[in-house]
Amino acid sequence: MTILLKGLEVANTMTHTIQKEVDGFKEQGIYPKLAIVRVGESPSDLSYEKGALKRMEKCGIKTEVHVLSQEADQSEVIKIIKSANEDASVHGILMFRPLPKHMDETMIQEQISPEKDVDGMSMINFGKVMAGEVDGFPPATPAAVMAILKHYQIEIKGKHCVIVGRSTVVGKPVAMMLLKENGTVTISHSKTENLKEVCRRADILVVAIGRGRMITKDYVKNGAVVIDVGINIDENNQLCGDVNEGDCMDIASALTPVPGGVGSVTTSILAAHVLKGCKTQWLKNHKE
Ligand code: NAP
């Protein structure tokens, strides 16, 4: 029997804890707030924005959304970011990526103050994840993977964790976060030889490749935990993961469904990060 690791259950538990902490802040006259920066109207940005706004509302976190047209100049994005950096009532900044091609995304994301960079875009926060420091912000998706493993009490210590994918937003940070929890980590990618064999050595298999249903039972060891980060649209216009869920049923001991798995937890991670930002900024202001 394969257990489904449902993201919504994790998200709701997190929301409950966050709500209580937010209430505590409000009693002291502090109102945690997230600023969202969106350029253009891409369906995936709009869908993520809708989910984020809904989750922040549930958590009692205020939001403000800054929208620019697809044709906007990058100086306009930078202006919004700088103003949010300086605004003491904003505790977190979320900018949707990718930005339009005429913009220098790497340069722009570095403009976000690391203290408000709740989706871990800046090199400072990336470096903190690599160094195993916990006072920064990891990107929301790998943090969601870790939250699911924690919620379902899946032991990481001493386990062989195989990551498929080595992107800066998912593969690399999740590998470092699993290592920090004392997993034995292997990172694989498109040039890995004998990928099936490598994956079959995993106690915990984390897949983030962007290839719909590529991971079949041939890649999965009996009893392994499979975390599917992939979000793809199949030939029938249906959302699907990188893992062929049906094929891996009864082979994996547990797996995250798509939809309803990792993706459902990311907005709760953002909310937790806004709260963390709020605490850090409050402590800093009261030390000075
Ligand atoms: P990415 O930047 O395109 O990276 C994909 C990685 O997968 C690369 O490292 C690539 O290897 C590897 N790969 C591609 N094809 C492979 C193959 N046939 N065998 C082995 N490795 C292969 O993608 P990403 O941003 O990490 O995202 C990965 C997936 O997660 C996508 O489906 C994306 O939509 C999804 N995602 C979900 C969330 C969420 O909230 N659930 C958030 C972010 C992303 P090379 O490095 O060798 O090219």
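Given the structure, is V258 assigned to a loop (DSSP other than H, G, I, E, B), within 15 Å of the ligand (Cβ to nearest atom), β-branched (V, I, T) and under 23 Å from the mean Cα position of the chain (by Cα)? Against the criterion (assigned to a loop (DSSP other than H, G, I, E, B), within 15 Å of the ligand (Cβ to nearest atom), β-branched (V, I, T) and under 23 Å from the mean Cα position of the chain (by Cα)), V258 qualifies. Would you check if G210 is modelled with pLDDT of 95 or more and under 19 Å from M14 (Cα atoms)? No. Among the residues making up the range 16-66, a single one is over 16 Å from L275 (Cα atoms), in a helix (DSSP H, G or I) and more than 18 Å from the chain's Cα centre (by Cα): P43.
Taken over the range 209-235, the criterion of being part of a loop (DSSP other than H, G, I, E, B), within 13 Å of the ligand (Cβ to nearest atom) and on the phi < 0 side of the Ramachandran plot is satisfied by I209, R211, G212, M214, T216, V229, G230, I231, D234.
When the residues of the range 202-226 are filtered to those that are within 28 Å of F126 (Cα to Cα) and not aliphatic (A, V, I, L, M), the one that is farthest from the chain's Cα centre (by Cα) is D203.
For the range 155-184, the tally of residues that are in a loop (DSSP other than H, G, I, E, B), within 14 Å of the ligand (Cβ to nearest atom) and not charged (D, E, K, R) stands at 5. Of the residues making up the range 90-134, just one is polar (S, T, N, Q) and more than 27 Å from K62 (Cα to Cα), namely T106. When S253 is tested against (1) in contact with a strand residue (DSSP E or B) (Cβ under 7 Å, 6 or more places away or on another chain); (2) buried (at least 23 other Cβ atoms within 10 Å of the Cβ); (3) among the polar types (S, T, N, Q), only condition (2) is not met. Taking the condition part of a helix (DSSP H, G or I), within 16 Å of the ligand (Cβ to nearest atom), at pLDDT 95 or above and more than 18 Å from the chain's Cα centre (by Cα), does T141 pass? It is false that T141 is part of a helix (DSSP H, G or I), within 16 Å of the ligand (Cβ to nearest atom), at pLDDT 95 or above and more than 18 Å from the chain's Cα centre (by Cα). Checked against (1) in a strand (DSSP E or B); (2) within 15 Å of the chain's Cα centre (by Cα), I187 passes all but a single condition, namely (2).
The values are calculated or read from the model by the stated rules, or taken from the named source; none is laboratory data. Quantities reported herein were computed from a predicted structural model and do not represent experimental measurements. Counting neighbours? That spans all protein chains shown, and the Cβs are built from the backbone with ideal geometry, glycine included.
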